[in-house]
Amino acid sequence: MTKIEVPKFDGKGSWGEFWDVYEIAVHKNPELSDIENMTHLRGLIVGDARDILRGLGAQAGHSALAIKRN
């Protein structure tokens with residue numbers, strides 16, 4: 001199986017395009033915990049777009065909160 005490369009999201013491109021790839025590669029990956037999911041999300045959201053993650057650590061449940069903020 002080919003590894004899916006998730007692009008970084010800086011707020012200038014389409015959230016929908018970013019999310020489509022992220023959701024398949026990370027968010028719905030049953031092998032990843034919620035903490036791992038949030039860690040990946042924090043590494044892929046850059047620049048001004050990181051404001052949506054302000055105050056959210058890598059704790060369980062925070063990836064769902066970050067998604068709702070967008």
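The values are calculated or read from the model by the stated rules, or taken from the named source; none is laboratory data. Since the model is a prediction, treat every value here as computed from it, not as a measurement. A quick note on method: Cβ atoms are made from the backbone with ideal geometry, for glycine too, and the neighbour counts reach across all protein chains shown.
So here's what we get for this one:
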item	result
Considering residues of the stretch 1-32 that are hydroxyl-bearing (Ser, Thr, Tyr) and over 13 Å from the mean Cα position of the chain (by Cα) only, the residue surrounded by the fewest Cβ atoms within 10 Å (Cβ to Cβ)	THR2
Those helices (runs of 4 or more DSSP H) lying entirely in the stretch 11-70 with at least 3 residues modelled with pLDDT of 85 or more	15-22, 34-44
